[in-house]
1. Which order do the peptides 239-252, 20-33 take when ranked by the mean count of other beta-carbon atoms within 10 Å per residue, highest first?
2. Take each of the peptides 318-329, 281-292, average the number of other beta-carbon atoms within 10 Å over its residues, and list them starting from the highest.
3. Could you give the length gained by full extension between VAL333 and LEU194, i.e. 0.36 nm per residue of separation minus their alpha carbon distance, to one decimal place?
4. Apply the Karplus parameterisation 6.51 cos²θ - 1.76 cosθ + 1.60, with θ equal to phi minus 60°, to every residue of the range 268-282 and state each ³J(HN,Hα) to the nearest whole Hz, in sequence, with x for glycine and proline.
5. Rounded to whole Å and sorted largest first, what semi-axes of the equivalent ellipsoid does the C-alpha gyration tensor of the range 235-297 yield via the square root of 5 times each eigenvalue?
6. Measure up LYS288/LYS327; LYS221/LYS288; LYS204/LYS244; LYS288/LYS345; LYS204/LYS245; LYS299/LYS323 against 26 Å on the Cα-Cα distance and list the ones that go over.
7. Given the peptides 47-57, 268-278, arrange them by the average over their residues of other C-beta atoms within 10 Å, most packed first.
8. Convex hull volume of the Cα atoms in the range 206-313, per residue, in Å³?
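Each reported figure results from applying straightforward, stated rules to the coordinates on display, with no laboratory input. In this text, all values refer to a predicted model and were calculated from it rather than measured experimentally. A quick note on method: Cβ atoms are made from the backbone with ideal geometry, for glycine too, and the neighbour counts reach across all protein chains shown.
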Amino acid sequence: MAKKNDIVKAEAAAIQSVEQIESLILTIRGKQVILDRDLARLYGVETRRLNEQVRRNMERFPEDFMFQLTKEEAESFWSQFVTLKGEYTHLTSQIVISNEGISRSQIATMNEDGDNSRSQNATLKVKQGQNIKYLPYAFTENGIAMLSGVLRSPMAIATNIHIMRAFNAMRHFIGSQAQVFQRLEVVERNQLALTTQVAENNKKLEEVFRRLDDNSEKPEKGIFYDGQIFDAYTFINERIREAKKRIVLIDNYVDDSVLTMLDKRNKGVDAVVYTKNISRQLSLDFEKHNAQYSPIEVKQFDRAHDRFLCIDDTVYLIGASLKDLGKKWFCFVKLEQLTDELLSKM
């Protein structure tokens, strides 16, 4: 057994940090593992040597300690454990990058125990001129801990200490970040739900305008979002043009832009505006307008909170003042045969 001082010296000489080892930990079949060739490099031995020791102690390595990758798994992790330029040119058993074939000693190594179940060879066509000749083995944390009893050198024991610390650091990170990941998942779900809702509302609004375009049906309710200034402006103007006899607007916040909109009404249609405050400027605006165009009457009324646009006998409940259409979200609702009732309460 290696002496304690030897282990301390070997650990101090190890060049791989915990962070470097963490980069070698892969997730395969839902388990955190390190591949045999990476372990061999950490231990400072050949992959062949490591696997020889494992095969001599197979009873110590059940399937939950060590397993061999399938063709598909090896191909999937190809980019993680090999490069086309032969970065790991000293690997001699499990993973071989070859344009010329493999050596006899490699074949002999894989066949010396006659263990076909764990040493089966398989040629995996990855790219033209690049083949994986043998399927690699993956070691779980328990399997790596068991290796310290198989590879008994001070270097192997010291390296195992670094590896165990790397696994613990990764578990700690995952545990500490679990709540953050859950919150991100909730945010993503809410964002997806909001995006879906907005898309559905846009689809409904498009249908409203389609029906407006072909005059097949008058809209009964809908939502305009911030930025839809022209869409909302067009919607109100279409309602004003529909009036046959009268237009009544109840809106606590009006300016001269409302006069321009009401001027789009048909000839002979009366127009009255009820508003909370009639300032000197607003009174002057109506006076100058009426001196040139079809008159619009203005009256003071302070008992309404919402905005109402009455087109003949139909009332539209509108969530925004006409001068502010499209600046923020607002909705509208069509209420049939309520104009006379509404006016009788004023």
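1. The peptides rank, most packed first, as 239-252, 20-33.
2. Top of the packing list down: 318-329, 281-292.
3. Taking VAL333 through LEU194 to full extension adds about 47.8 nm, to one decimal.
4. Values per residue, Gly and Pro as x: x, 8, 6, 9, 10, 10, 10, 9, 6, 10, 10, 6, 4, 5, 5 Hz.
5. Those come to 19, 13, 10 Å.
6. Pairs exceeding 26 Å: LYS288/LYS327; LYS221/LYS288; LYS204/LYS244; LYS288/LYS345; LYS204/LYS245.
7. Final packing ranking: 47-57, 268-278.
8. 120 Å³
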